[in-house]
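Contents: one structure, followed by commentary.
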Amino acid sequence: MNTTLTSLPAGELRPALTEPYTSAHLVRWCAAQQNWDKIHYDLEYAREFAGLPERVINGALKQHLLARYLVDSFDASARIVRLNYKFTGPDFVGERLELRGRVLRTESLGDHRFAHVELEIGNPAQAKTTTTSTAILMLDTPSWQSVDWGSLPPQWRLDEVVGADDDDAVPREVRDLLGRDDEQLRSYCALDASRLRLFADAVQGLRAWHFDSNAAAAAGLETLVAPDLFPIHAIEAEPGTLPLSQERSAIGREAVSEVGRNFARRFGFPANGMVNGGNETEIHSLLRLGETACAVSRLLSARVKPGARGGDMLFMTSLNTYRTTTGRLLMREKQLGIYRNFNVAAPAAL
């Protein structure tokens, strides 16, 4: 696309339609993301154990499509500051996704201009919207430059309020975590070019300076940089520490090393009852080639609500903070995890 804001009629962004996603596409994404959830590639598991008609296109892939769409819709001097997204329905193997957006307003703050954008992902085969999103972009700062969040409006920052612990329906083991930085992970190894190449192949259409050193040099970068939301997947586990289960009913998430998303594994909830409810993110800086990421998660809220189809659902919101091991802030996100038909077995040691 490579269009600028001034060339967009009535604030509408040009829609972008993906090619149909095959199971091979999703397997490649699972490898790039390092998420082995079998609902994305195992048809028998999706139908027999998850009760789905078909394998599901990864929500994490859709969030990167939103970021790529924003990058493509503005010129190279714009960068994402905030990106929020909510998954409102599943998309399945064989389906195409249509990205759409519009500029709600622009404003000047200090020396910078910003655009507030509304986005969505539509599914033409289902004739409905399956993801909704909002974003704030800084229009005069390249995405590889860090953002001084101290100069931005405080209301743009993520809400860190810790919820009350008076919901007796929430397991005590969970309530005891509220407000605590209890999960801290450090990547086993530094970011390398091979991981970035695999990531670019899986997302498709990323700017070349994420994986091509010549393109990075031409853009004035000292080295390759990862995409905006990459820190979510940047924690590499030491080999052999997160083995895959041999059980046919195992979901595959037992081998995932992402922070703030492992409550089912830690507390014995049924893994196939977990749903990603969406995220709110602040983008501070990009992870560079050769840097090592670390992350910490704090549980902000936990509430039990009745499900639309019966049964209780546990809603858990975590605040996940990603830095380099030298201390530079990469991004912060609020992650909503929804657990259906939850229970508590013997919890893992904290």
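The values are calculated or read from the model by the stated rules, or taken from the named source; none is laboratory data. Nothing here was measured: the structure is a model prediction, and the numbers come from that model. For neighbour counting, all protein chains shown are included, and Cβ atoms are generated from backbone atoms with ideal geometry for every residue, glycine included. Calculation scope for accessible area: heavy atoms of the full protein, side chains included, ligands and nucleic acids excluded. Shrake-Rupley method; radii C 1.70, N 1.55, O 1.52, S 1.80 Å.
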Of all residues in the stretch 171-181, count the ones that are assigned to a strand (DSSP E or B) and either touching a Leu at 6+ places or on another chain (Cβ under 8 Å) or closer than 15 Å to Ser213 by Cα (or both). 1
Taking the stated definitions as given, is Gly290 in a loop (DSSP other than H, G, I, E, B), in contact with a Leu (Cβ under 8 Å, 6 or more places away or on another chain) and at pLDDT 90 or above? yes
Reported set for the stretch 247-287 where residues are part of a strand (DSSP E or B) and open to solvent by less than 20 Å² (accessible area, probe 1.4 Å) is Gly277, Gly278, Asn279, Thr281, Glu282, Ile283
Cβ contacts < 7 Å: first residue within 15 Å of Arg298 (Cβ to Cβ), restricted to the stretch 327-343; second residue among the aromatic types (Phe, Trp, Tyr) and modelled with pLDDT under 95, any location; separation 6+ or different chain. Result? Leu336/Phe315; Gly337/Phe263
Just checking, which of Asp201, Asp176 is modelled with pLDDT of 95 or more, open to solvent by 40 Å² or more (accessible area, probe 1.4 Å) and farther than 18 Å from Thr281 by Cα? Asp201
Go through the stretch 45-131 and tell me which strands (runs of 3 or more DSSP E), entirely inside it, have 1 or more residues that are touching a strand residue (DSSP E or B) at 6+ places or on another chain (Cβ under 9 Å), closer than 23 Å to Pro142 by Cα and open to solvent by 50 Å² or more (accessible area, probe 1.4 Å). 98-109, 112-123
Hits in the stretch 213-246 (condition: assigned to a helix (DSSP H, G or I) and open to solvent by less than 20 Å² (accessible area, probe 1.4 Å)): Ala216, Phe230, Pro231, Ile232, His233
Taking the stretch 182-212 on its own, how many of its residues are among the small types (Gly, Ala, Ser), under 18 Å from the mean Cα position of the chain (by Cα), part of a helix (DSSP H, G or I) and more than 20 Å from Phe74 (Cα to Cα)? 1
Between residues in the stretch 25-49 that are more than 20 Å from Pro231 (Cβ to Cβ) and residues that are surrounded by fewer than 20 Cβ atoms within 10 Å (Cβ to Cβ) and hydroxyl-bearing (Ser, Thr, Tyr), which pairs lie under 6 Å by C-beta distance while being six or more apart or on different chains? Tyr41/Ser23; Phe49/Ser249
